[in-house]
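First the structure, in the form of structure tokens, and then the observations on it.
FYI, it's all coordinate maths here, none of it is from the lab. No experiment lies behind these values; they were computed from the predicted model shown. When we count neighbours, we look across all protein chains shown, and the Cβ atoms used for this are built from the backbone with ideal geometry, even at glycine.
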Amino acid sequence: MNRTILNSFRPLLGNLGVLLFGWLTGSLHAAAPRPNILFIMTDDHAAQAISAYGSVINQTPQLDRLGAQGLRLNRCFAVNSICTPSRATILTGQYSHRNGVPVFNNLDPATVTVAHRLHDAGYFTAMIGKWHLGSDPQGFDYWNILPGQGRYRDPILYDRDGYRIYRGYATEVITDLTLDALKNRPRDRPFFVMCHHKAPHREWTPNERYRREFATREIPEPATLRDDYSGRADALREQKQSVFHDLTRNDLKLEPPVGLTGAERERWLGVKPDEVEVVVEGQRKTLRGDELNRWKYQRYLQDYLACVQSVDDSVGRLLDWLDANGLRENTLVIYTSDQGFFLGEHGLYDKRFMYEPALRMPFLARWPAGIKPGTTSDALAINCDFAPTFLDLAGVPIPAEVQGRSLVPLFAGGTPAGWRTDIYYRYYHDPGHHNTRAHYGVRTDTHKLIHYWKVNQWELYDLVNDPQEMRNLYSDPKYASVVADLKTRLARLKQELGDTDQFTRELPPDTVDAPPRQMNHRHSDSPL
Ligand code: CA
């Protein structure tokens, strides 16, 4: 009998009665069926762009519906805030130093993941959309994935046998393929389906409807957009992920001059412009300085949020289909993103840093049989916890090598007794795409300590009094005891999690964007 499951279901036992209790205790043969799991994950969707999390820049009615009908975790975090490592962590329940994926290197195809374990426990397992782990998916009955990052328009997806080109917009294509997988699933097994969107990843290409709709919107600027980084470690001044300085003409959707082709065109698009010519009320105008900065922020957010809107529609379609097909009650639907993202906070785009906008993952979940509508929790959760949560729900023992813990106790809301009080974070990809410095750190309910270990610089933030992380208190004598406590926690976490700095001397090369072998073979029944 699994104590974790029993504790989490106690509030619901009155509703579900003896049948559910019988399943939990194993005392009845007529056990309740194990839940289906639909795991919907986007790429780079920040919680601050979801109205269920209080967004002031957009409305996401379908994501709000999902959260209102179930659970919203307010403090869920990535342990290494970039795409490939987060995906490896979600599948293995392990930190990067354990699963061997600290940067953009391939997941070893021999790795046993949650998909293998659920498959072996009798689940139908499927993976559709952005994979971005280099090697082919393992442990899935069905998979159909984008090569590398994939593309927004007319995306290519490939399976074991070859590739097809799908006409349309990536978010809609991936939703269609997920619905097809659900419709064609075997009916005698519960399902575990991963629907992984490409959106809203850079270069933030919306569909035409939402591009037009958002092009005229004025998006509020975040309070920290013009952060001057005073008092902070050098890393913030050295990064190259600045909205004002590092967005390219391609990011800003500027049109290359007619006649420019090939490498010349690519070079033009790759320039980070310090002046831009636009047409305002029929007049040509050159933007520079702060006027250009404000324009860049608007262009970035307009396209990003327009991409999010298609994701919101996708979630609505999937929920509608489950509801219309008798699958609402016993399907756990999760919505998350592989990490957070900077939407201009601290002047940044992208992720990587341990600051809240990039560290935090949205986590909304609906499961009428096991979660009451309107449930919320402030307990500290991490992406290592997803795999053990699925195993717990499937009645599969959680192996010792899994470093997360089941989130099922949080399904009752609040923070259970004995829950973790701190989390560990480590980022390796230095200099990476944006000259982001390697760092590690610890976050508690109230504070965050970051160590840029290569240069031995520290930052301390009081998350209660300074939630926007603008004042580095590391050298403030009043915080000496807080620093000492956090350093003790950091050392304990490193030791408990087995981080012996194994990836600090040599990192694996970035390999996940190499063309897969299936790209040599096109399906003869291609939709084109
Ligand atoms: Ca990502």
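For region 415-435, list residues with backbone N below 18 Å from a point placed 7 Å from the Cα of D445 toward its Cβ?
Backbone N within reach: 415-424.
Determine the shape class of the chain: with a ≥ b ≥ c the square roots of the Cα gyration tensor eigenvalues, call it rounded for a/c under 1.5, and otherwise prolate if a/b is greater than b/c, oblate otherwise.
Oblate, since a/c reaches 1.5 and b/c is not below a/b.
Check the straight Cα-Cα distances from K296 and name the aspartates and glutamates below 13 Å, setting aside those fewer than 8 residues away within the same chain.
E218, E221, D246, D251, D274, E275, E277
Note down the relative contact order for region 254-305 as a percent, whole number, built from C-alpha pairs under 8 angstrom at least six residues apart.
This gives 22 percent for region 254-305.
Would you report the distance distribution of C-alpha pairs in region 342-388 as whole percents per 5 angstrom bin, up to the bin with the largest distance?
The distribution over region 342-388 is 5, 15, 20, 19, 17, 11, 9, 3, 0, given as percents.
Taking the number of other C-beta atoms within 10 Å as the exposure measure, put R237, R443, R437, R505 in order starting with the fewest.
R505, R237, R437, R443
Is the C-alpha gyration tensor of region 195-253 telling us rounded, prolate or oblate? Criteria: a/c under 1.5 is rounded; beyond that, a/b larger than b/c is prolate, otherwise oblate.
Note, shape of region 195-253 comes out prolate.
For the chain, what is the mean residue ellipticity at 222 nm derived from helices alone (per DSSP H run of n ≥ 4: -39500 (n - 2.57); sum divided by total residues; nearest 500 deg cm²/dmol)?
-9000 deg cm²/dmol
In terms of Cα to Cα distance under 30 Å, which lysines are near enough to K494, apart from those fewer than 8 places away along the same chain?
Filter leaves K240, K351, K448, K454, K478.
Run through the DSSP bridge list for the chain and note the antiparallel percent, rounded to the nearest 5.
55 percent
Based on the alpha-carbon gyration tensor of region 41-126 and its eigenvalue square roots a ≥ b ≥ c, which shape applies: rounded if a/c is under 1.5, prolate if not and a/b is larger than b/c, or oblate?
oblate
Treating only the Cβ atoms of Lys and Arg (+1) and Asp and Glu (-1) as charged, compute the dipole magnitude of region 325-469 about its Cα centre; round to the nearest 20 debye.
Dipole magnitude for region 325-469 comes out near 260 debye.
Please sort 452-460, 344-352 by packing, taking for each peptide the average over its residues of neighbouring beta carbons within 10 angstrom, highest first.
The densest-packed peptide leads the list: 344-352, 452-460.
Going by average Cβ neighbours within 10 Å, how do the peptides 478-484, 141-147, 93-99 rank, with the highest at the top? Present the calculation step by step, with values, prior to reporting the outcome.
Working: 478-484: 12.9, 141-147: 21.6, 93-99: 23.7.
Ranking, from highest mean packing down: 93-99, 141-147, 478-484.
Would you mind ranking F104, F39 by Cβ crowding within 10 Å, fewest neighbours first?
Neighbour counts put them in this order, fewest first: F39, F104.
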